[in-house]
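Colleague: Just passing along the structure, written as structure tokens.
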């Protein structure tokens, strides 16, 4: 009983703050049935080893993008996918594959488990030697660096060395294991001549690591990984160079989703208008775009930037405004959570005409505020007013982004 109350209060506090919570999402569900069907189709494609396209969703600010991504994350986990939810920001600017890799690994969740995803799922891999052998066979044929073939070989050979195996898993997550250690361990099993460990800078291996992570999860019994990138529109505040790097990263994600058997599904969310104000008109990045110089970004295929821009220009899945009936259903569900949280019955007030054009996030916060006031004085007739939040649009300098995101 106490646990139910705490869970309900956590959900209400998350809704009050305007952020999604797993309990609130599970209780409220979604009214975006068309997009939900598209996402389910993409999950089925990736889970069966087929190629797919990334899913791109857009909506006005406060209209439920983050809620929808949280709902999709729960869907994917119930379908036995590892998931990772990430927000584009100065700390994760999307233009660096290495920074993105580390963010994905840190946020990764394994279905039905807590803790570091790769460590949680790895516990059962030794009981399935055929799966580990299949993973190594994939690595032998895949276009990845020899380093990862060597690491998978060592992971299989040194079953009793838990410390080494943990460091190998950390390497997959973006914390490199020293080449000297890898060579030493290969020499112990007389396999050092099999692998060429000369490699470019660590950031240039990030995409290989993401691919290895996805295949490792598949070998451990999951269907792959679904990576969510929220608030893509924050790229508008980055410098032109950072935005161009980000377009190239987007192009890589599009290409890997189209790769048969990759086991990777990226999902991007952005506010309506971002493409017009930044990509096609406004700053007009589409016309100004030039590929990054080799080694400056991630040494990507020059076509990746164009692929990324085309992905953003393609018609995104637009969130539909809930009907009045659907909004009323949402209000009744939140009311039930609120009453469970505080043990008091609250009444529904008439919806002001001024609320018609407000976002669903704004309305939810209004309802909760009204119930807070009435809980302390049931006879009180609250009048809630609010102003829209205005965000700064100043450009974030390259120096500031690079200071917070060293790839070394």
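The values are calculated or read from the model by the stated rules, or taken from the named source; none is laboratory data. The model shown is predicted, which means the values in this text are computed figures rather than measured ones. A quick note on method: Cβ atoms are made from the backbone with ideal geometry, for glycine too, and the neighbour counts reach across all protein chains shown.
Colleague: Mind listing whichever residues of the stretch 359-371 are buried (at least 16 other Cβ atoms within 10 Å of the Cβ) and either part of a helix (DSSP H, G or I) or modelled with pLDDT of 85 or more (or both)?
Modeller: Result: 360, 361, 362, 363, 364, 365, 366, 367, 368, 370, 371.
Colleague: Quick one: count up the residues across the stretch 200-239 that are farther than 20 Å from residue 264 by Cβ, over 16 Å from the mean Cα position of the chain (by Cα) and part of a helix (DSSP H, G or I).
Modeller: Qualifying residue count for the region: 3.
Colleague: If you take the residues in the stretch 176-210 that are exposed (fewer than 14 other Cβ atoms within 10 Å of the Cβ) and without any contact (Cβ under 8 Å) to a residue 12 or more places away in the chain, which one is farthest from residue 155 (Cα to Cα)?
Modeller: Checking each candidate, the answer is 198.
Colleague: Can you pull out every residue in the stretch 223-239 that is closer than 20 Å to residue 313 by Cβ and out of contact with any strand residue (DSSP E or B) (no Cβ under 7 Å at 6 or more places or on another chain)?
Modeller: Scanning the stretch 223-239 gives 235, 236.
Colleague: Among 346, 296, 356, 384, which is the only one that is modelled with pLDDT under 85, farther than 30 Å from residue 72 by Cα and over 28 Å from the mean Cα position of the chain (by Cα)?
Modeller: It is 384.
Colleague: Moving on to the next point. Hey, could you check the stretch 240-279 for residues that are in a loop (DSSP other than H, G, I, E, B) and touching a strand residue (DSSP E or B) at 6+ places or on another chain (Cβ under 7 Å) and say which is surrounded by the most Cβ atoms within 10 Å (Cβ to Cβ)?
Modeller: Filtering first and then ranking leaves 263.
Colleague: Something else: Mind checking which residues of the stretch 153-174 are free of Cβ contacts under 8 Å to residues at least 60 places away in the same chain and closer than 24 Å to residue 204 by Cβ?
Modeller: 153, 154, 155, 167, 168, 169, 170, 171
Colleague: With the requirement that a residue be touching a helix residue (DSSP H, G or I) at 6+ places or on another chain (Cβ under 9 Å) and over 15 Å from residue 216 (Cα atoms), what does the stretch 108-130 give you?
Modeller: Across the stretch 108-130, the qualifying residues are 112, 113, 114.
The rows are residues; the columns are (1) assigned by TED's automatic domain parsing to the domain that holds residue 83; (2) surrounded by fewer than 15 Cβ atoms within 10 Å (Cβ to Cβ); (3) in a loop (DSSP other than H, G, I, E, B).
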site: 99; (1), (2), (3): yes, no, no
site: 102; (1), (2), (3): yes, no, no
site: 106; (1), (2), (3): yes, yes, no
site: 134; (1), (2), (3): no, yes, no
site: 144; (1), (2), (3): no, no, yes
site: 149; (1), (2), (3): no, no, no
site: 154; (1), (2), (3): no, no, no
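Colleague: Of the residues that make up the stretch 37-56, is at least one in contact with a strand residue (DSSP E or B) (Cβ under 9 Å, 6 or more places away or on another chain) and in a strand (DSSP E or B)?
Modeller: Yes, the stretch 37-56 has at least one match.
Colleague: How many of the residues in the stretch 2-22 are loosely packed, with under 15 Cβ neighbours inside 10 Å and closer than 10 Å to residue 70 by Cβ?
Modeller: Count: 1.
Colleague: Can you confirm whether residue 25 is crowded, with 16+ Cβ neighbours inside 10 Å and assigned to a helix (DSSP H, G or I)?
Modeller: It is true that residue 25 is crowded, with 16+ Cβ neighbours inside 10 Å and assigned to a helix (DSSP H, G or I).
Colleague: Mind listing whichever residues of the stretch 157-177 are under 23 Å from residue 103 (Cβ atoms), part of a loop (DSSP other than H, G, I, E, B) and out of contact with any helix residue (DSSP H, G or I) (no Cβ under 7 Å at 6 or more places or on another chain)?
Modeller: 175 - this is the single residue of the stretch 157-177 that is under 23 Å from residue 103 (Cβ atoms), part of a loop (DSSP other than H, G, I, E, B) and out of contact with any helix residue (DSSP H, G or I) (no Cβ under 7 Å at 6 or more places or on another chain).
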